[in-house]
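The values are calculated or read from the model by the stated rules, or taken from the named source; none is laboratory data. These numbers come from a predicted model, not from an experiment. Every residue, glycine among them, receives a Cβ derived from its backbone with ideal geometry; neighbour counts consider all protein chains shown.
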Amino acid sequence: MPTRHRVWQMLAWATFAAVLGSSAAAQTASSDPSGLVWTFDTLRPAVSTADGRFSLVLRARMQVDGASYDKDSPPEFTSAGMIRRAYLGVEGRAFRDLSYEYRMDFGGRRFGFDRPIVNLARIAWNLQDVAGADSLVRINGGLIKPIYTYYDAVSSASLPFIERASVVNVATAAYGGATQRPGVELTFQKSGNVRGGDNFVASAALTGSESSPTNHHNDATQIVGRLVYYWPLNESSAIQLGGSASQIVRIGSQHNFTLQDFPEVRAGADRLVTTGAIPAEGGDALGVELVSNIRNVYVAGEYYGFTVKRDCASCDADRRANFSGWYVEASWIVTGESKAYQPRATNSSMATYESPHVMRPLSLKGGGWGAWEVVTRYSDLDLNWHEGAPGTPCPGAFAGCIRGGEQKIWALGLNWYLNDNLRVLLDYMAIRIDRLDAAGLPSVRPFSAIATRLQFTN
């Protein structure tokens, strides 16, 4: 594992190289005698036929993370760096109504490239205006990322913080969302339902187990879905209400279910809240979302309740173990840019806000310093169930006591958008874990962390 000095040195050199090579997004287009149209918009190579029936786009994303922890952090936490994501893939259209996406991920938990995995491999049939003007019906299948929860629908390239809130990670990883899910999905989207600019999205998917070599906890089949409505208040403000749900229809052969997550940082970290493997017959998740913006200020929050239907001979009459979590966050783009709302998207990022278009990109020749954003978030994930009083032993394994822990995190972040392709994130987190061990004693002291990310995306 690299030393702290080397981690920050590598990140500093990477940032310096990015600044030297950065430039304002450029758009060029040309055609050849065959009728193909070539473009290079925001460093995104693309080719399409003149009639738009076929297209192919090369996509890439690199996220280099580093983290440092204070002296009160758990002993297994070490200041470290990692390649959080390293995506390389293609997407496009065929016969106009078919869209496709194939993506490999070379990222891993250590600082360097891990063995690549197939992150997405899907094809979709897009039927436009079949339910009225400005409507879309999409049938999506393959190795998909279903439209489930607001925060998971937001692209990892547009996250206001380095990591999503833990409650969303639990909802997706344990209940059928996230990436690398074999499945099929049906989505309906329509704008202009009641007034101009409004947006309605309803989506449902049948998904299988996460096809990851590191996932051995939640082998299941799920039905997941999201329902949202977006209402514009005026030209620069809006509010969106919605909800997501999941029902586990089949538990795998191991009949075990685990809810767990990292403390909203990955580099050099480990999971501090976990239910352990719960013998289970099924489960469900239900949540609500609220997102709003006033010009360049954004507020978002979600609440989720989780249920695991336990399967054990020693269970008491209450066989359903219940857990919950929530977060609320706010964002202020100091330089005045606005995040663009996406009523529809070719991927899973429907009804979400994406990163702002930088009005004045960084230039070493003068003229711009990019865009700056200040963000803050509070999150609470409670994986305790009948945990009992401090100083007392847990009364029987999973008979009526699950001490998964409660995780509370205050976070403050500063994001620098050098241009539309490059971004630097800096997060500070105050982390508190309230978890009792088998003897009823606290297991983790409060601690803090500083994390950073250098991101390139096209």
Need the failing condition index for E210 against (1) of a type in the set (D, E, K, R); (2) part of a strand (DSSP E or B); (3) closer than 25 Å to G283 by Cα, just the number.
(2)
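Give the residue, chosen from I409, I433, I402, that is touching a residue at least 60 places away in the same chain (Cβ under 8 Å) and touching a Phe, Trp or Tyr at 6+ places or on another chain (Cβ under 6 Å).
Values: I409 fails: touching a Phe, Trp or Tyr at 6+ places or on another chain (Cβ under 6 Å); I433 fails: touching a Phe, Trp or Tyr at 6+ places or on another chain (Cβ under 6 Å).
Going through I409, I433, I402 in turn, just one is touching a residue at least 60 places away in the same chain (Cβ under 8 Å) and touching a Phe, Trp or Tyr at 6+ places or on another chain (Cβ under 6 Å): I402.
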Candidate set: the stretch 319-343, residues that are crowded, with 19+ Cβ neighbours inside 10 Å and more than 22 Å from E163 (Cβ to Cβ); chosen: the one farthest from the chain's Cα centre (by Cα)
A321
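Does L412 qualify as being loosely packed, with under 15 Cβ neighbours inside 10 Å and assigned to a strand (DSSP E or B)? If you could, list the steps in order and put the result at the bottom.
Working: loosely packed, with under 15 Cβ neighbours inside 10 Å: yes; assigned to a strand (DSSP E or B): yes.
So L412 passes the test.
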Would you tally the residues in the stretch 246-277 being in a loop (DSSP other than H, G, I, E, B) and touching a Ser or Thr at 6+ places or on another chain (Cβ under 7 Å)?
8
What tally of residues in the stretch 158-179 results from selecting those that are at pLDDT below 95 and either surrounded by fewer than 20 Cβ atoms within 10 Å (Cβ to Cβ) or of a type in the set (D, E) (or both)?
0
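Select, from G405, G388, the only residue that is crowded, with 21+ Cβ neighbours inside 10 Å, over 19 Å from the mean Cα position of the chain (by Cα) and on the phi > 0 side of the Ramachandran plot. Spell out how you get there, then give the answer.
Working: G388 fails: crowded, with 21+ Cβ neighbours inside 10 Å.
On inspection, the qualifying residue turns out to be G405.
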Is it true that some residue in the stretch 245-265 is out of contact with any strand residue (DSSP E or B) (no Cβ under 7 Å at 6 or more places or on another chain) and among the acidic types (D, E)?
no
Look at R226 and say whether it is basic (K, R) and at pLDDT below 90.
no
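Listed here are the residues, each with its yes/no results for (1) crowded, with 21+ Cβ neighbours inside 10 Å; (2) at pLDDT 90 or above; (3) part of a strand (DSSP E or B); (4) hydrophobic (A, V, I, L, M, F, W, C).
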| position | (1), (2), (3), (4) |
| --- | --- |
| V47 | no, yes, yes, yes |
| R53 | no, yes, no, no |
| L58 | no, yes, yes, yes |
| G66 | yes, yes, yes, no |
| K71 | no, yes, no, no |
| M82 | yes, yes, yes, yes |
| L88 | no, yes, yes, yes |
With respect to the numbered conditions (1) closer than 20 Å to I450 by Cα; (2) of a type in the set (K, R); (3) not in a strand (DSSP E or B), which one is the sole condition not fulfilled by R96?
(1)
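Is it the case, given these coordinates, that V299 is at pLDDT 95 or above, of a type outside the set (S, T, N, Q), farther than 20 Å from A438 by Cα and surrounded by fewer than 18 Cβ atoms within 10 Å (Cβ to Cβ)? Can you show your working first?
Values: at pLDDT 95 or above: yes; of a type outside the set (S, T, N, Q): yes; farther than 20 Å from A438 by Cα: yes; surrounded by fewer than 18 Cβ atoms within 10 Å (Cβ to Cβ): yes.
The answer is yes for V299.
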